[in-house]
Amino acid sequence: MEWAWPWLAAIGEAMLQMIVQPFYYIGIILVALMYQRQLLQERKLFHVRLQSSMIQTIRSVLGGFMIGIIVSLLSLFIGSHFTWGSLVWLWGAALFLALFRVRYLCIAYAAGLLGVLQFGLNLAPGWQPSGWLGSAMDTLRALDMPALLVLAALLHLGEAMLVRMQGVALSSPLLFEGKRGKLVGGYQLHHLWPIPLLILVPVGGSGAELAWSPLLHGGGGYALMALPVLIGFSEVTQSMLPEQKARLSSKRLMYYGAGLLVLAVLAAWWSPLVLVAALAAFAGHEFLVWYSGYEENMSSPAFVHPEHGLKVLGVIPDSPAEELGIEVGETVYKANGVLVHSPEELHRSLRMNPAFCKLEVRNRQGESKFLQRAIYEGEHHQLGVIFAPNNEETWAIRMRPANLVHLATLKLFARRKDLREARAPLALEAPPAVPAGEQKSAEM
């Protein structure tokens, strides 16, 4: 057991680093701010709180901790290793990119940017600034880019798992404007996960020895370094149920992560591929985002009221609707035997028998199911159901990218619709969702 003691000491030191350094806590704060912003958005649109920002943050932290353990073990066996300057460069690049868009707060974008910068510096080996800038350039030149790209690939494989497991639980319904100004219902899957990692650092003969030969060998002995990172995922769908979107996005992220892993390992054996892998890390991620948006624009909206009944956009947790078993995407067809076409008609039908309700609900396959329940004083007047928009709502979200400043200031891009416009009749077939035109934003 003598071989185990150096590794136990290294793990203890790395865990102490994780506790002492600020980066992991910064990540948790950014996650909390994002879900607080989401809560304010839900209250603005629906006047209810669908999820607790504290619970959502805890879910993200626990999910990130689980993936951190898995990725740390995989990177340990692969031999993905870094120097101490890698942490500063990685976080610096991620925070810089997040000034433009929050979803850039991701190791794939940071690794891609650093790979391109390193390639550019290597084209001018004689350029050496003086002072701290020269030291920073030396650290950037010394970054082991294949190891960093391997880590980015492993983290995106972990992200694919998180999207599959938590994508629906962390999603939020939206109301936003379509191409012709009509309101469209949909879902936002916008998540951040803080990932605590333990990464190998080559320290020559003074460190602990590995009992195997890793793919990426950095030296004779190793120590462990705490490397907290953030991975982010952002999708908006108006054509799919949130679970369908999460399942599809998870599969695509899995393909992206596997492809990047292959490129990164090949780049470790043949250095000219480093630039290709770095560009693939950035461009591949952007392609996934672009293709998802293109796919949404070419698809018909899912949350549109049929000719008869009301399409369910969301269900408030712990509400009568949740107890009855009403699900997102179903249609409330009749209430107390009366066919309903608007929330007002539903409310009047429920008031016919204020102590009890009988509902006919069409499930996602169009089959009827019959539900009944007692109604108690003080419960939600719509049983806790959030319906697809009927153009009577007065607030909508303007679909535009949020950056780090918007996140820190809890700014929402919510537009108050003109009341005369809000009373316009609803088209039965809403147009595909696209970013709204120039509208005045309300800062929250």
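Counting only other residues whose beta carbon sits under 15 Å from that of Q244, what net charge do I get with K and R as +1, D and E as -1?
Combined, the nearby Lys, Arg, Asp and Glu give 0.
For region 106-196, what is the relative contact order in percent, using Cα pairs closer than 8 Å and at least 6 residues apart in sequence?
Once divided by the residue count of region 106-196, the mean separation gives 21 percent.
I need T57, T409 ordered by Cβ neighbour count within 10 Å, fewest first.
T409, T57
Going through region 84-181, which trypsin sites (Lys or Arg not before Pro) have at most 16 other Cβ atoms within 10 Å and a DSSP loop state?
Here the trypsin sites (Lys or Arg not before Pro) that fit, given the DSSP loop and packing criteria, are K179, R180.
Listing S171, S292 from the residue with the fewest other Cβ atoms within 10 Å to the one with the most, what is the order?
So the ranking, lowest neighbour count to highest, is S292, S171.
Only sites in a loop by DSSP and with at most 14 other Cβ atoms within 10 Å count here; which chymotrypsin sites (Phe, Trp or Tyr not before Pro) in region 269-330 make the cut? Don't jump to the answer; show the numbers that get you there.
Numbers: sites: W269, W270, F282, F287, W290, Y291, Y294, F303; in loops: W270, F303.
Answer in residue order: W270.
For region 310-387, compute Rh as the Kirkwood radius over C-alpha pairs and then the Stokes-Einstein diffusion coefficient at 10 °C and 1.306 mPa s; write the answer in µm²/s, rounded to an integer.
Working: Rh = 12.1 Å.
After rounding, the answer is 131 µm²/s.
Over 32 Å between Cα atoms, which of K251/K358; K369/K411; K245/K334; K245/K411; K44/K334 qualify?
K251/K358; K369/K411
Hey, if you put +1 on the Cβ of every Lys and Arg and -1 on every Asp and Glu Cβ in region 310-387, which of N363, G378, G314 ends up farthest toward the positive end of that dipole?
Highest projection toward the positive end goes to N363.
Compare S368, S86, S172 in a GNM of the chain, Cα atoms joined below 10 Å, and give the one with the largest fluctuation.
Sorting by GNM fluctuation, first place goes to S368.
Computed FRET efficiency, Cβ-Cβ of R252 and L62, R0 22 Å: what is it to the nearest 0.05?
0.35
Ordered by packing density, taken as the mean number of other Cβ atoms within 10 Å over each peptide's residues, highest first, how do 317-323, 381-387 rank?
Highest mean packing first, the order is 381-387, 317-323.
Taking 7 Å along the Cα-to-C-beta vector as the label spot, tell me the S52-W269 distance in nanometres, rounded to one decimal.
So the two model labels end up 5.1 nm from each other.
Would you mind checking the tilt of helix 131-141 against the longest principal axis of the Cα atoms of the chain, expressed as 0 to 90 degrees and rounded to 10?
Relative to the chain, helix 131-141 is tipped by roughly 80 degrees.
Projecting each Cα onto the charge dipole of the chain (Lys/Arg +1, Asp/Glu -1 at the beta carbon, about the Cα centre), which of S300, S52, W84 comes out farthest on the positive side?
Of S300, S52, W84, it is S300.
Tell me the Rg and the Dmax, in Å, that the Cα atoms of region 4-297 produce.
Computed over the Cα atoms of region 4-297, radius of gyration and Dmax are 20.0, 68 Å.
Of the candidates G257, G120, G112, which one comes out as most mobile in a Gaussian network treatment of the chain with C-alpha springs shorter than 10 Å?
G120
Report the dimensions of region 278-416 along its three principal axes from the alpha-carbon atoms, largest first, rounded to Å.
Answer, in whole Å and largest first: 63, 36, 26 Å.
Return a whole-number percent for the relative contact order of the chain, with Cα pairs under 8 Å and 6 or more residues apart as the contact set.
The normalised contact order for the chain reaches 20 percent.
Given 5 Å bins starting at zero, what is the percent of C-alpha pairs of region 1-120 in each, up to the one with the largest pair distance?
Values per bin, smallest distances first: 2, 9, 12, 19, 19, 15, 10, 7, 4, 2, 1, 0, 0.
Suppose every K and R has +1 on its Cβ and every D and E has -1 on its Cβ; what is the size of the dipole of the chain about the Cα centre, in Debye to the nearest 20? Before the final figure, lay out the partial values.
Working: 34 positive and 32 negative charges, 209 e Å.
Its charge dipole is roughly 1000 debye.
Report for the chain the percent antiparallel among DSSP-assigned beta bridges with both residues inside it, nearest 5.
Counting only bridges with both partners in the chain, antiparallel ones make up about 95 percent.
Roughly how many nanometres apart are two label points built 7 Å out from the Cα toward the Cβ at A169 and A283?
Distance between the two pseudo-spin positions: 3.8 nm.
Readers should treat all values here as calculations from the given coordinates under stated rules, not as data from a laboratory. Computed from a predicted model, the values in this text were never measured in an experiment. Note: ideal-geometry Cβ built from the backbone for every residue, glycine included; neighbour counts use all protein chains shown.
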